[in-house]
Amino acid sequence: MGEVQIIGTGSYVPERILTNDEISKIIDTNDQWIRSRTGIGERRITTGENTSKIAAKAAINALKNASINAEDIDLIIVATTTPDCYTPSTACIVQSLIGASRAVCFDISAACSGFIYALNIAYQFLRNGAMKNALIIGGETLSKILDWNDRGTCVLFGDGAGAAVLSIGNEEGVLGNYMASDGRGSDLLKCDAAPVDINNNILRKEVLGDEVYKNSKYLSMEGKEIFKFAVKVMEETIEKLLEEAKLDLSNIDYIIPHQANLRIIDHTIKKLDIDKEKFYINLQSYGNTSAASIPIALDEMNRKGLLKKGQNILMVGFGGGLTWGGSIIKWCK
Ligand code: ACO
């Protein structure tokens, strides 16, 4: 039994940039409101690529960075709120796109905490010796589930994917994991799938004739409640992780928070009295990409050369479900 390490990262965002000014042309909002309330300046929007394509591109970049072949991957987990379809899983489609023929593949649904959950799940398979190499991906095309008439949500999100390759090695890698959920808050951030409803099954035609079935399949959010929840669990998660890894904040080189809103991050910085320089923030360029936000940030840091061997990196996420959690990893590349 060895240590679980991140041996490579990758990301991909669609080329199309959607600015705050462009959104202001279709809905009653403005750049100043969006920047001051969220920190977001622009986001990327798919022009046709579905989640699997975006995720596969991030995966290929991660495999290259890890110098590993797709055939050597034993496990692919895609964390997404916006799969291509109900079935097959987005992970199976990614498998086929990248040629990872030996891998076991499945998706997980944990909203913006998805990448953290995927890391924790893959960690268990690798740590107990069942598998050697795992590819974990957070990938989203949130633009397809946004209500572009709801200014309270549509300005916040963006599309993209980030990936990491996990493998077994001898040096320290994952130092601590933490995950939590609270389904009592499930209505606070949600997007309906097809409901169990007479309107939706074979009886519909009998009862309603040809009346067109209408259903809201857009993301809805109680912004203020989510804000309060986010601030609380960011703090809780950082403290639990430090406890588990037997470290304190001075031992942490970088914190990668879920990139939802600058004000949430600022609250945490104040509350825990953390040096702001420790936080890596890129939400100004991508908005909230849900499960993709942490791995996109991790990959950006890796590619910029910010990550040095032996550094401790704390990742912390929160999202719909409600779900939250984090990991501390020692960078070993
Ligand atoms: N442009 C202009 N005005 C707006 C916009 C907009 N895009 N959105 C809302 N407003 C208006 C409202 O209509 C309201 O006007 P009113 O006072 O006339 O009624 C006013 O601005 C204030 O609205 P609030 O909802 O109170 O604004 P708030 O300061 O709470 O900011 C926000 C809203 C940014 C969503 C905030 O609640 C927030 O950050 N919540 C956290 C949620 C979050 O980050 N979610 C994203 C991810 S969740 C996750 O990742 C799990």
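What follows is calculated from the coordinates using simple rules that are stated; it is not laboratory data. No experiment lies behind these values; they were computed from the predicted model shown. Note that we place each Cβ from the backbone using ideal geometry, even for glycine, and neighbour counts take in every protein chain shown.
Of the residues making up the stretch 3-15, those that are over 16 Å from Ala62 (Cβ atoms) and either part of a strand (DSSP E or B) or in contact with an Asp or Glu (Cβ under 9 Å, 6 or more places away or on another chain) (or both) are Glu3, Pro14.
Take Ala130 and tell me if it is of a type in the set (A, V, I, L, M, F, W, C) and over 21 Å from the mean Cα position of the chain (by Cα). In short, yes. On inspection, Thr82 fails the criterion of being touching a residue at least 24 places away in the same chain (Cβ under 8 Å), buried (at least 22 other Cβ atoms within 10 Å of the Cβ) and touching a Pro at 6+ places or on another chain (Cβ under 8 Å). Within the stretch 110-147, the set of residues being aromatic (Phe, Trp, Tyr) and over 25 Å from Leu322 (Cβ atoms) comprises Phe125 only. The helices (runs of 4 or more DSSP H) located wholly in the stretch 31-101 that include 2 or more residues which are touching a strand residue (DSSP E or B) at 6+ places or on another chain (Cβ under 8 Å) occupy 51-66, 90-98. When Ile296 is tested against (1) out of contact with any Asp or Glu (no Cβ under 9 Å at 6 or more places or on another chain); (2) surrounded by 24 or more Cβ atoms within 10 Å (Cβ to Cβ); (3) outside any helix (DSSP H, G or I); (4) not small (Gly, Ala, Ser), just one condition goes unmet, and that condition is (3). The C-beta contact set for the stretch 127-151 (first residue more than 20 Å from Asn69 (Cα to Cα), second residue away from the ligand (no atom under 16 Å from the Cβ) and among the polar types (S, T, N, Q), distance under 7 angstrom, 6+ apart or interchain) comprises Gly139/Thr51; Gly139/Thr90; Glu140/Thr51; Thr141/Thr46; Thr141/Asn50; Thr141/Thr51; Ser143/Thr46. In the stretch 238-285, of all residues being more than 24 Å from Gly305 (Cβ to Cβ), in a loop (DSSP other than H, G, I, E, B) and of a type in the set (Asp, Glu), the one that is farthest from the ligand (Cβ to nearest atom) corresponds to Asp248.
Taking (1) closer than 14 Å to Ser143 by Cα; (2) buried (at least 17 other Cβ atoms within 10 Å of the Cβ); (3) without any contact (Cβ under 8 Å) to a residue 24 or more places away in the chain in turn, Leu18 satisfies each apart from (3).
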